[in-house]
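These notes are about the structure you will find just below.
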Amino acid sequence: MNVLTVNLLLSTLVFWIAAKLYLLPRLQNLKPQTVLLPILLLHSFRHLGLMFLAPGATYAGIPLQFAYPAAFGDLLAALLALAAIPAVAINWKGARVLVWIFAVEGTLDLVAAISLATIYGAHVFLGPAYWIPAFWVPALLVTHYITFVILIKYRNGEA
């Protein structure tokens with residue numbers, strides 16, 4: 001049994017339950033900005049995925065086929081989130097496109113990282129970086145879902 005898989009799945013479930021209880025029922029009463037800005041701020045910390053390349057944060061031998069795409073995919077997601085923050089904050093008409101690009105890239109990055117970690121057995125080498133897929137990735141997955149809900153709900157530009 002891979003404990004990391006269990007941690008990832010159960011943490012995702014807990015974040016999903018929290019979203020289902022506290023946020024999703026209130027979405028219709030909230031402005032998209034009110035929900036998207038904290039999500040973008042959270043994802044701005046994805047530069048922490050660079051830890052997969054830091055000696056000491058992972059054990060020697062971490063598969064580079066996982067580490068490089070995961071690290072740089074996270075960095076790109078962080079930069080896209082940072083770029084979207086001021087656009088969303090001022091309600092710039094191009095904000096929606098920036099958020100879509102962020103949401104698609106960020107989601108694909110997470111799916112690719114989970115897949116590559118599984119294929120190359122990266123869980124054995126995560127060391128102190130173990131918390132990223134055990135806790136951080138589930139929060140990111142759920143907030144990406146919420147982002148897509150908002151983007152689809154307001155796809156015609158209302159609100």
- Could you give the Stokes-Einstein D for region 74-141 in µm² per second, using the C-alpha Kirkwood radius, 4 °C, 1.567 mPa s? 98 µm²/s
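What is the extension gain from Gln33 to Leu21, computed as 0.36 nm multiplied by their sequence separation minus the C-alpha to C-alpha distance, in nm to one decimal? Please list the in-between numbers first.
Working: separation 12, 0.36 × 12 = 4.32 nm, distance 2.01 nm.
Contour length minus the Cα-Cα distance gives 2.3 nm.
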- Query: What list of ³J(HN,Hα) values in whole Hz, one per residue of region 62-67 in order, does the Karplus curve 6.51 cos²θ - 1.76 cosθ + 1.60 (θ = phi - 60°) give from phi, with Gly and Pro shown as x?
  - Reply: 4, x, 5, 5, 9, 4
- Of all stretches in the chain that avoid chymotrypsin sites (Phe, Trp or Tyr not before Pro) placed in a DSSP loop and having at most 15 other Cβ atoms within 10 Å, the longest is 93-153
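Using the count of nearby Cβ atoms within 10 Å as a rough guide to exposure, how do Ile101, Ile132 rank from fewest to most?
Details: Ile101 14, Ile132 21.
With the sparsest Cβ surroundings first, the list reads Ile101, Ile132.
What is the Cα radius of gyration of the chain over 2.2 N^0.38 Å, N being its residue count? Display every interim value, and only then the final one.
Values: Rg = 16.2 Å, N = 159, 2.2 N^0.38 = 15.1 Å.
My calculation over the Cα atoms of the chain gives 1.07.
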- Query: So which lysines can Lys20 reach, going by Cα to Cα under 28 Å and dropping same-chain residues fewer than 8 places off?
  - Reply: Lys31, Lys153
- Query: How far is it, in nm, from the label point at Val104 to the one at Gln65 when both lie 7 Å from their Cα along the line to the Cβ?
  - Reply: 2.7 nm
- Only Cα pairs under 8 Å and at least 6 apart count here; give the relative contact order of the chain as a rounded whole percent. 35 percent
- Tell me the trypsin sites (Lys or Arg not before Pro) within region 1-108 that lie in a loop according to DSSP and have at most 12 other beta-carbon atoms within 10 Å. Lys93
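All of the numbers you see were taken from the coordinates with simple rules; none came from a lab. For clarity, every value in this text was computed on a predicted model and none was experimentally measured. Quick reminder, even Gly has a Cβ in these numbers, built from the backbone with ideal geometry, and neighbours come from all protein chains shown.
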